[in-house]
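Only one structure is covered here, and it is reproduced in the block below.
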Amino acid sequence: MNDKTYKGGCFCGAVQFTVTGEPAAMGYCHCDSCRAWSAGPVNAFTLWKPQALHITRGADGIGSFAKTANSHRKWCKACGGHLFTDHPQWSLVDVYAAVIPDFPYQPGVHVHYQESRLPLRDGLPKMRDLPKEMGGSGAVLAE
């Protein structure tokens with residue numbers, strides 16, 4: 001098991017954290033919610049067990065918003081920098097790849113690709129929505 005620890009934080013540095021070990025999955029999310037939340041065309045995700053994430057500074061400065069029961073989005077109250085999304089239904093937390101600068105991000109899949117506004121031809125599987133084990137159809141779209 002890899003017990004390497006990676007440091008991350010918000011835009012201003014008021015909130016800092018570590019993630020330890022290996023994520024359960026890595027990829028790109030194209031859903032409308034992720035795009036609207038990030039103000040970008042796609043969200044690079046890393047999914048971790050909650051116990052792998054440790055807030056090392058600024059825990060009291062983390063804001064939270066749950067548009068749905070499935071996604072509790074977190075940000076720094078000082079700078080507004082996005083940090084994580086808790087996914088309680090899967091017992092996982094999405095630590096955005098962009099906020100873990102030294103983590104060796106290796107995406108393996110695109111999810112919610114039917115909602116994509118930025119088609120990417122990278123050879124990775126393009127899931128219509130989510131894998132079956134995560135409550136989706138499991139359908140893969142052509143690249």
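The values are calculated or read from the model by the stated rules, or taken from the named source; none is laboratory data. Since we're looking at a predicted model, the values are computed, not measured. Neighbour counts run over all protein chains shown; Cβ positions are idealised from the backbone, glycine included. Side chains are part of the model used for accessible areas, which takes the heavy atoms of the whole protein and leaves out ligands, DNA and RNA. Shrake-Rupley method; radii C 1.70, N 1.55, O 1.52, S 1.80 Å.
Residues are listed down the side, and each one gets a yes or a no for (1) open to solvent by 40 Å² or more (accessible area, probe 1.4 Å); (2) touching a residue at least 24 places away in the same chain (Cβ under 8 Å); (3) among the hydrophobic types (A, V, I, L, M, F, W, C); (4) under 28 Å from L120 (Cα atoms):
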{"residue": "K4", "(1), (2), (3), (4)": "yes, no, no, no"}
{"residue": "C12", "(1), (2), (3), (4)": "yes, yes, yes, no"}
{"residue": "T18", "(1), (2), (3), (4)": "no, yes, no, no"}
{"residue": "C31", "(1), (2), (3), (4)": "no, yes, yes, yes"}
{"residue": "A44", "(1), (2), (3), (4)": "no, yes, yes, yes"}
{"residue": "P50", "(1), (2), (3), (4)": "yes, yes, no, no"}
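Candidates are the residues of the stretch 68-79 that are assigned to a strand (DSSP E or B) and either more than 14 Å from C29 (Cβ to Cβ) or β-branched (V, I, T) (or both); the one that is least open to solvent (accessible area, probe 1.4 Å) is C76. Restricting to the stretch 20-29, give me the number of residues that are surrounded by fewer than 16 Cβ atoms within 10 Å (Cβ to Cβ) and either of a type outside the set (G, A, S) or touching a Leu at 6+ places or on another chain (Cβ under 7 Å) (or both). Number satisfying all stated conditions: 3.
For the stretch 90-107, a tally of residues being open to solvent by 30 Å² or more (accessible area, probe 1.4 Å), among the hydroxyl-bearing types (S, T, Y) and in contact with a strand residue (DSSP E or B) (Cβ under 8 Å, 6 or more places away or on another chain) returns 1.
Within the stretch 80-131, the set of residues being among the β-branched types (V, I, T) and part of a loop (DSSP other than H, G, I, E, B) comprises I100 only. Among the residues of the stretch 108-128, are any among the hydrophobic types (A, V, I, L, M, F, W, C), open to solvent by 30 Å² or more (accessible area, probe 1.4 Å) and within 23 Å of Q16 (Cα to Cα)? No, because not a single residue in the stretch 108-128 is among the hydrophobic types (A, V, I, L, M, F, W, C), open to solvent by 30 Å² or more (accessible area, probe 1.4 Å) and within 23 Å of Q16 (Cα to Cα). Within the stretch 52-67, being open to solvent by less than 70 Å² (accessible area, probe 1.4 Å), touching a residue at least 24 places away in the same chain (Cβ under 8 Å) and part of a strand (DSSP E or B) holds for L53, I55, I62.
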